[in-house]
Structures are given as C-alpha cells and as structure tokens.
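Undergrad: If you scroll down you'll find the structure; I have some questions about it.
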Amino acid sequence: MEYRLDLPASQERVAERLKAALESNSFPQAVLITGSAGVGKRALAMQLARILSCTGEKARPCGECPYCRAVRPEKGESPWLWVVPLEGSSDKLEKEEDRREQAKKTLVPIMSDPWDVGAFPETGTIRVESIRDVLRELGRRDPHPRVVLIPEADRMAAAPANALLKTLEEVPENCHFVLTTAHRADMLPTILSRCAKIHLPEATVGEVGAFLEKRGISTENLDQLWALAGGSPGKAVFMAGETVAEARALAMDLLEWTAKESSLELLSWWAESAGRKKSAGASVLRETARHAASALSSLLDDLMRLNAGLPVRNSAFESRLRALPFAGEGDDVLVWMHKELLKTARHMDNSVDPEKVFLALVLKWRNERPRIDLSLVSEKGGA
Ligand SMILES: [Zn+2]
C-alpha cells in the first residue's frame, strides 16, 4: 500500500513516522499536531483525514473510491469528516443548526486552503455543545472510518475539554481524532497525555521560497520574509504584501520606544499614525498591525538568540537590537514581553484601533518590565 503524504523535506522524519504507523496498522486514534501558525498543521491534518477514510487498495488517498469522491471542498461537505468549529465574538452558536453551519464554514478553508493563517478568528473559542454534537455523531454505528478535526484545540476551556476526555481515552472503533494547535503550552495536560504528538518543524528558506513561487508570489527579500514568518510558509504568504516592510520598521521603532524615558516621541507617533489611519482605511491598518505583531515576535526571538550567542534572523536590525537597553536582560523578561505581545495580538481582531492596542502594549512593557525584572531577581536571590 502506498500512502500519499506530501510533506516538505524538512518534515520528512514526520512523514516516515506516520507512514510506518499507517503501514503497521497502528495509527493512533488521537493525534495532536503542533507547530507554529502556518507551518502546515491543518494541511497535514487534511491529508491524514483523506488517507484514513480512503478505501483504495493500492494507494491512499486514491481519489477514486466513493469516500474520496464524496469530498466537496467548496461546500465544506464530507460525509466522513467532522470539524469542531470556533465561535468568534460576533457568532452565536447556541442552536445546533447554527453550529452545523459554522462547522461547514470552518471546513471550507481547511479543505480549500489549509495554509491560510487568517482563516479563523484569533479570539474564537470552542463551545462544549460543539464537542457534544460531534460525540453524538460518533455514537451512531458506522462501519466506515470517520475523522474528527479539532483545529486550534487550545481554545477548549475546561468544560469542552472534559467533555472530550472520556472519548479520547477510548476512541470508538474506526474513528480518529486529529487535533491541531500552535499553542501547546495552553492545552490541558489531561488532553495532551491522551494524544500522540506530531510536531512540525519550521520550513527552510528554500522550501518557503518554493511555496511562494508556486503561488505566484514574488520571492524578493525572501530571507527577510522567512525570518519574519519564523519559517512558516502560511505566514510568509500572509506577510508577502507591501505592508511588510512598513510593519517591520514599525516593530523596531516600537521596541526602541519601549526603552525611552520620555513618552513624547511615542505620542507624536500616535498623532501621526492617527492621521495616516484616515487615509489608509481600517483593513490596511489592521493588516499592518498584524504584521507588526509578527515582526515584534520575531525581534523578541532575536533578542533571545543574542542572549544565547546565536545569529539573529533579522540581520538588518542587528545593531539596533544590540543597542536596546534590555538586549542583555535575561530570557525571563523577554518571555514575559512575548506573552504580553500574544495577548495584544489576540485583542487586535476586535479592536477598531490597532495603534491604541500597540500603544498600550508599549506602555505596559516600559512601565512593568523593570518590576518584572526586579521580582525575578529577588526570587532567584531568595532561592
Ligand atoms: Zn479513496
């Protein structure tokens, strides 16, 4: 039997492991795919779902059996595949029919372009009812293999996670759960311990370049784009627009303002960008803000790399990074700054005013960082 898994060379070890499990008929019934946003988790989940449900005799997915042919990506329909939808802040999924609709809406981008990192609301959560819907479906006997996808599985609070737990412990025959998350640390340990883990490493510069070329996207500044996207092909596509350069410059400026004593410059930037906002339009601004958030994350990573004596990825900014007064501070402070940044990124979707959100972040970084630092120093001193 040939299992058709299409993964880049940097993920070959993952592919080998998965194929070995499929060949020996011991593929785990609950798997969790981890890795950064846009690195290919949903793309792999979809490939696995197709393989697991295919009845082809020589190769899977065969594209010819009734199960392969029943997939309708444009409608989000597939008789053997369920997805647990996210509920965004403007959605109301109290009724089962609304949840069904939302599940279809969730499947369309997963089936048609699983690499789209902007497909789901950044603040969405998973309702306990959505988990129960899927478990009810699985309760019906069916001789054919069925697959449940749970993208962004870290968005399950305690109630939905607990509803899922018992089933994960003893997954019904012929059923498979495929969970994905970019935030493994946010997952409940009880869920983690019941899933086989598959981690997707970042793609190489060449792989991201080939991925962009396939989509007809220019690979000019590929090294910078790769650094900014943290080796994630999906993020690189998302960031390839013209706003990238502006966003990177903005991110570096924000880091420098974090280190300044006076708020005056920050306020003049704020006034200037408020003027720019009127001309740019909200969607362009939001895109720049998202890119700036990714750029900040990449720059903070570089500060950690400097601490560890590793080469930085945003080499154009190396001297400015080294000049930051907190460049030499410990990783604890940088980890805290990163956490605050993640919180900010999650607010961005709902905010009408992305700059205001950044302004709040920079002020928080500037005002609370010294205290974080001190408290850690005293903790360490006491231990
Ligand atoms: Zn098939």
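Computed from the coordinates by the stated procedures, all read-outs in this text should not be read as laboratory data. Everything quoted here is computed from the prediction, not taken from an experiment. Neighbour counts are summed over all protein chains in view; Cβ atoms, including those assigned to glycine, are modelled from backbone coordinates with ideal geometry.
Undergrad: Using +1 at the C-beta of Lys and Arg and -1 at the C-beta of Asp and Glu, which of Thr181, Ala203, Leu321 has the Cα lying farthest in the positive direction of the dipole of the chain?
TA: Thr181
Undergrad: Can you pull out the trypsin sites (Lys or Arg not before Pro) in the stretch 59-152 whose DSSP state is coil and whose Cβ has at most 10 other Cβ atoms within 10 Å?
TA: When the trypsin sites (Lys or Arg not before Pro) of the stretch 59-152 are filtered for loop state and at most 10 Cβ neighbours within 10 Å, Lys92, Lys95, Arg140, Arg141 remain.
Undergrad: How tilted is helix 282-307 with respect to the longest principal axis of the chain? Cα atoms for both, answer in degrees (0 to 90, nearest 10).
TA: Compared with the principal axis, the helix lies near 80 degrees.
Undergrad: Amide H neighbours of Arg146 under 5 Å, counting only residues 5+ apart in sequence or on other chains, H built in-plane at 1.01 Å?
TA: Under 5 Å from the amide H of Arg146: Cys175, His176.
Undergrad: Can you give the net charge of the other residues whose Cβ lies under 12 Å from the Cβ of Glu318, counting K and R as +1 and D and E as -1?
TA: Surrounding charge for Glu318 is +3.
Undergrad: Lys/Arg Cβ at +1, Asp/Glu Cβ at -1, dipole of the chain taken about the Cα centre: which of Thr190, Leu228, Leu165 is farthest positive-ward?
TA: Towards the positive end, the residue furthest out is Leu165.
Undergrad: Right, another one. If you filter the stretch 179-222 for GluC sites (Glu not before Pro), then keep DSSP loop positions with at most 14 other Cβ within 10 Å, what is left?
TA: Listed in order of number, the matching sites are Glu220.
Undergrad: What is the angle, in °, between the Cα long axis of helix 96-112 and the longest principal axis of the Cα atoms in the chain? Nearest 10 is fine, range 0 to 90.
TA: Result, in degrees: 80.
Undergrad: Rounded to whole Å and sorted largest first, list the principal axis extents of the Cα atoms in the stretch 38-125.
TA: Computed over the stretch 38-125, the largest-to-smallest principal extents equal 46, 30, 18 Å.
Undergrad: Among all the lysines, which ones have a C-alpha under 28 Å from Lys92's C-alpha, if same-chain residues fewer than 8 places away are not counted?
TA: Of all the lysines, those that pass the test against Lys92 - Cα under 28 Å, at least 8 places apart if same chain - are Lys41, Lys75, Lys104, Lys105, Lys166, Lys343, Lys356.
Undergrad: On to the next question. If you put +1 on each Lys and Arg Cβ and -1 on each Asp and Glu Cβ, how big is the dipole of the chain around its Cα centre, in Debye rounded to 20?
TA: Roughly 620 debye, rounded to the nearest 20.
Undergrad: For the stretch 2-199, what class follows from the C-alpha gyration tensor (a ≥ b ≥ c being the square roots of its eigenvalues): rounded when a/c is under 1.5, otherwise prolate if a/b is larger than b/c, else oblate?
TA: rounded
Undergrad: Helix 354-382 against the longest principal axis of the chain: what's the angle in degrees, Cα atoms only, rounded to the nearest 10?
TA: It is inclined by approximately 90 degrees.
Undergrad: Here is a further query. With +1 on each Lys and Arg Cβ and -1 on each Asp and Glu Cβ, how big is the dipole of the stretch 122-269 about its Cα centre, in debye rounded to the nearest 20?
TA: Charge dipole, the stretch 122-269, about its Cα centre: 860 debye, nearest 20.
Undergrad: Among Pro61, Ala119, Val71, whose Cα lies farthest out toward the positive end of the dipole of the stretch 2-199, if unit charges sit on the beta carbon of Lys, Arg (+1) and Asp, Glu (-1)?
TA: Of the candidates, Pro61 comes out farthest on the positive side.
Undergrad: May I pose another question? Which order do His338, His144, His176, His291 fall in if you start with the one that has the fewest other Cβ atoms within 10 Å?
TA: Arranged by neighbour count, lowest to highest, His338, His144, His176, His291 become His144, His338, His176, His291.
Undergrad: Just how large is the dipole of the stretch 2-199 about the Cα centre, in debye to the nearest 20, putting +1 at every Lys and Arg Cβ and -1 at every Asp and Glu Cβ?
TA: Dipole of the stretch 2-199, to the nearest 20 debye: 280 debye.
Undergrad: Residues with beta-carbon under 15 Å from that of Lys214, excluding Lys214: net charge, scoring Lys, Arg +1 and Asp, Glu -1?
TA: Local charge sum for Lys214: -4.
Undergrad: To continue, here is another question. If each DSSP helix of 4+ residues adds -39,500 (n - 2.57) and the sum is divided by the residues in the chain, what number results at 222 nm, nearest 500 deg cm²/dmol?
TA: Computed mean residue ellipticity for the chain: -17500 deg cm²/dmol.
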